[in-house]
Amino acid sequence: MTKKKIFIIAGAVVVTAALAGLILPKVLGGNKEEFVAEAPPAVSAEKPQIRSIELSSELIGTIEPSSIVYITPLGAGEITGVNVQTGDMVSAGQLLCVIDTKQVESSRIMAETARITYEDAKKNLDRMAILHAAGDVADADYQSLTDKVEMARLQYENAKIGYNLQIESSQVTAPIGGKVESFNVKVHDMVSPQTVLGVISGEGGKGVTFYASERIVGGLKAGDGIQVEKNGTSYAASITEVSTMVDAASGLYKVKASVPDGDALSTGTSVKLSVISRKAENVLTVPVDSVYYEGGEPFVYTYADGTLKKNPVVIGLADNAYAEVQEGIAAEDQIVTTWTSELYDGSKVTLAGEEKEEAQTADSTAEAEETGAEASGSGQ
């Protein structure tokens, strides 16, 4: 009985020893496990690009005719005839309405009286000229008659001007051709030089007036293009006038623009404007996401020979995609465009493209070695 137990224990020891013989060489043998260092993070990089950056501002403007005149009478009186109505198209010089100024006839009589006086004085001078030539009229008397004729002529000319002015006052005509935007008078209305009879908008497109702050207007000049939008339709416009004086009512600067193809836009309506308020042309730019800030100071990472470098920069104009870099980098630098928590000045990294190339090279080498080993084995 004792021998059997001893035999069983001895067998167990042999089995244990055999298992140990299988395991220990892997743990304690000459081929010890190697600890491979963690691979550096892979990053993407690109060179800065020369671009133009524009910043737009959304404003509200009011549609106006490209040219507009307000019709007012030269004199006071009663409207005796109206020849146009709102919406009519008129030509320059066309009669709009007639006003009874009560002075037209009086002016006509004064002019006619002055004419007769002048002609009588001239006839008398002609008779005296013959006598003066014969020596029957003294030089002084003849000169006095000449002065009287000249005085009569001037009075006649002045009377004619007065009469013509009264005619103009009684007949209101269109100073420009265009559309009658409004004409708010009717027969028997009493008017005066302070009365606005109507409004005529000139032909040749529409205009838009808007007001902008000092920051926005500083980037605007005559000739700049803007976009006008109304009910989903866009119209191209061009700035024609930028005021250098603040509007007292709004505290802003008044700007005007022409809309050549804006005939469909109604005068007086509000429209949305897109104005390029700031612009940087042909500047060095990087993606906005590649710019980081530390203590409010901007910087970018550049890549060179597997190492990152932290570069303080001066940022200019920026939009949603790109930022202008005024100082801190060169056009040939590789700007890191990806972010990981392992980025810092001097950190070791690999470029995303290089990592793939290295992996492909390693795979090709492994395949070649495996193919060579198989060929060697088959040869034996």
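Derivation of every value follows stated rules applied to the coordinates shown; laboratory data play no part. Computed from a predicted structure; not experimentally measured. Heads up, the Cβs are rebuilt from the backbone with ideal geometry, glycines too, and the neighbour counts pull from every protein chain shown.
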Report summary line: Full extension between ASP261 and GLN85 adds, at 0.36 nm per residue less the Cα distance, a length in nm of 60.8 nm
Query raised in the report: When LYS221, LYS272 are ordered from fewest to most other Cβ atoms inside 10 Å of their Cβ, what list results?
Result: LYS221, LYS272
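Given a cut-off of under 8 Å on Cα pairs at least six residues apart, what relative contact order in percent is computed for the range 226-325?
Relative contact order comes out at 21 percent.
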Query raised in the report: Say each of ALA42 and HIS188 gets a label point 7 Å from the Cα, pointing the same way as Cα to Cβ; how far apart are those two points in nm?
Result: 9.3 nm
Query - Karplus-derived HN-Hα couplings along the range 231-241 (A = 6.51, B = -1.76, C = 1.60, θ = phi - 60°), whole Hz, x at Gly and Pro - result: 6, x, 9, 9, 10, 7, 9, 9, 5, 10, 8
Query raised in the report: Which net charge results for the neighbourhood of GLU327, defined as the other residues with beta-carbon distances under 13 angstrom from its beta-carbon, given Lys and Arg at +1 and Asp and Glu at -1?
Result: -3
Report task. Could you let me know the centre-to-centre spacing of the range 107-131 and the range 145-217, using Cα atoms, in angstrom? Result -> 34 Å
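Tell me the net charge near PHE210. Cut-off is 12 Å between Cβ atoms, PHE210 excluded, with +1 for each Lys or Arg and -1 for each Asp or Glu. Present the calculation step by step, with values, prior to reporting the outcome.
On the way: positive: LYS254, LYS256, LYS272; negative: GLU58, GLU64, GLU241, ASP247.
Result for the neighbourhood of PHE210: -1.
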Query raised in the report: How far apart, in nm, are two points set 7 Å out from the Cα along the Cα-to-Cβ line at ASP147 and at SER106?
Result: 3.2 nm
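Taking K and R as +1 and D and E as -1, what net charge do the other residues with C-beta under 12 Å from the C-beta of THR307 add up to?
Values: positive: LYS309, LYS310, LYS348; negative: ASP305, ASP345.
Net charge in that neighbourhood comes out at +1.
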Query raised in the report: For the residue pair TRP339 and ASP139, what label-to-label distance in nm results when each label sits 7 Å from Cα along the Cα-to-beta-carbon direction?
Result: 10.6 nm
Query raised in the report: For the range 79-88, what does the Karplus curve 6.51 cos²θ - 1.76 cosθ + 1.60, with θ = phi - 60°, yield as ³J(HN,Hα) per residue in whole Hz, taken in order and with x for Gly and Pro?
Result: 6, 10, x, 10, 9, 9, 9, 4, x, 5
